[in-house]
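Below: the structure, in structure tokens.
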Amino acid sequence: MSEPQALIKVAVCNVAQLLSGKNIQVQDQADIQGKLTIPEYQRPYVWDIEQLDQLIKDIQEHEQKGKDSPYYLGSIILHAKSTELNIIDGQQRLTSLTLFGYLNAQLQNVSLSYHSSVSVEHIRRNLAYLHSNKAEWEKSIDLEKIVVSLVVTSSEDDAYKFFETQNTGGVRLSGIDIIKAYHLRAINSEQQKRYQTFYAKKWESLGELSDTVWVLLLGRYWNYLNRQQVPYYKNKMAIKNAIIDEFSKKTRNGTEDIAYSQININYSPVNRSSQISMLNSYNFRQSLNAGINTISYLEYFQQLYLKYYKNLDIQYLYEYYNFTSWLKQLQGCRFLAELYVIGILLYVSKFGEYKLDIFAKKFFRVAYSRRATNQTRVRADTVPKFIEETNLLDHVVMAYRPEDLFEKLDSYKFDLKEYELDEKKKSLRKTFIQETIKYFGLNLKSEEIQQCFFKELTLKIKYLDKK
């Protein structure tokens, strides 16, 4: 919640005033003053040549229409803290204009600091580009003729409320950018504050999180007890809002970093003494606390996703490595592949690598069944309907032992209808079936496939854990 009676100041100034650190007058209030800073939790500077060229073009078109009027760059949102003015929204634009001002000598003393190597690389690249074509923009970019509206508040929460409702600029924040900022600024107790820089660097080291966050969202939404509708995969704004809702707004305010992992207790037969073993992991669908807990949760599942699917850095798991490598090259299975990844993350976070190759093949038989039974393509709505009919993911979540889960996966039954025998007629469905027959070494003639494909595949996979 916002601090009581938080002071909000609104002013208009030119960019030269703002970046030079001059006091900015506010009617009937104290001047706006302080050193511009970029908080650790802000995303890196990511503007590229495309955004720079667009900014130059916009300013030049404005100049052609009315030379005497200043160019309005939009609003900048700042959080006033002690002697600093933290940039909450506007970093991309202000950094870019700082580069212009540095090259055309309009700015002498700007002390913005950047903590991310991504920011440094973009600044280096953009400086080189602007220097190489300086003649094309130098006469057009006058920082004294570019104005902004300043919204300055003494409350960080209020600053972010302005930011979330506005979010202007050339490269809009993604849902992941917003949850990053949310959780890094949630590390706000005096005891935890010293870790903010550490976790900001840790977040940057995670790399691209969009795939991991998407499958986590799907797996949390496809829940029998708390089922939610997943936004259509092409509706980027709805997906962004769902990510922000699930991984920031729904997180709790507690500061504890809690993982709800599975515990195995083995009792001795006589005196009931016990031995406890606990997998060090986070639970896929666990509730989350704001700050370090959610960051650690995302880090954990990002590592699993990279290791067990994207990079497959597990050659020592020979059977699993070969099977998943084969699976990833199948065509027409995008939505089923997402389901497979969810299954793998659920399983590994519960049982580790124990019989992972067996689970992968048994789960594949069920999860990819729609690629064989669907006469046409597998659409985006195919998987959620299938999950609702079978509660497949819930069975993985609720399993106490891998062997019990294997038995449940083996119990699913499927039928293949209308298999096309004409070898000249190709389809993604037919190719999938043929590739599966080949990989598993099923001894089937073309005329036997319709009646025997699922029967033989089931038999081949059913007894893997009995070998």
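The values are calculated or read from the model by the stated rules, or taken from the named source; none is laboratory data. What you see is a predicted model, and the numbers here were worked out from it, not measured in a lab. Note that each Cβ is placed from the backbone with ideal geometry, even for glycine, and that neighbours are counted across all protein chains shown.
What the table below lists for this structure:
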quantity: Count of the stretch 126-137 residues which are in contact with a Phe, Trp or Tyr (Cβ under 9 Å, 6 or more places away or on another chain) and either over 18 Å from A16 (Cα atoms) or not aromatic (F, W, Y) (or both); calculated: 3
quantity: Residue ranges of helices (runs of 4 or more DSSP H) in the stretch 123-191 with at least 1 members modelled with pLDDT of 90 or more; calculated: 134-137
quantity: Test result for D245, within 22 Å of L392 (Cα to Cα) and either of a type in the set (K, R) or surrounded by 13 or more Cβ atoms within 10 Å (Cβ to Cβ) (or both); calculated: no
quantity: Check on S287, within 17 Å of T255 (Cβ to Cβ) and part of a loop (DSSP other than H, G, I, E, B); calculated: yes
quantity: Selection within the stretch 301-316 - closer than 22 Å to S261 by Cβ and modelled with pLDDT under 95; calculated: I314
quantity: Test: residue in the stretch 137-159 that is surrounded by fewer than 13 Cβ atoms within 10 Å (Cβ to Cβ), in the same structural domain as Y45 (by TED's automatic domain parsing), of a type in the set (S, T, N, Q) and out of contact with any Gly (no Cβ under 7 Å at 6 or more places or on another chain); calculated: no
quantity: The stretch 71-92, subset part of a loop (DSSP other than H, G, I, E, B) and surrounded by fewer than 16 Cβ atoms within 10 Å (Cβ to Cβ), residue modelled with the highest pLDDT; calculated: T83
quantity: Matching entry among S349, S369 (being of a type in the set (S, T, N, Q) and within 22 Å of the chain's Cα centre (by Cα)); calculated: S349
quantity: Only one of Q42, Q51 that is closer than 28 Å to D177 by Cα and part of a loop (DSSP other than H, G, I, E, B); calculated: Q42
quantity: Subset of the stretch 59-107 [in contact with a His (Cβ under 7 Å, 6 or more places away or on another chain), in contact (Cβ under 8 Å) with a residue 60 or more places away in the chain and of a type in the set (A, V, I, L, M)]; calculated: I88
quantity: Long-range neighbours under 8 Å by Cβ, at least six apart or interchain, first residue in the same structural domain as F301 (by TED's automatic domain parsing) within the stretch 193-212, second surrounded by 14 or more Cβ atoms within 10 Å (Cβ to Cβ) and among the hydroxyl-bearing types (S, T, Y); calculated: Q196/Y41; A200/Y41; E204/S116; S210/S174; D211/Y305; T212/Y305
quantity: Condition check for T294: surrounded by 19 or more Cβ atoms within 10 Å (Cβ to Cβ) and either in a helix (DSSP H, G or I) or among the charged types (D, E, K, R) (or both); calculated: yes
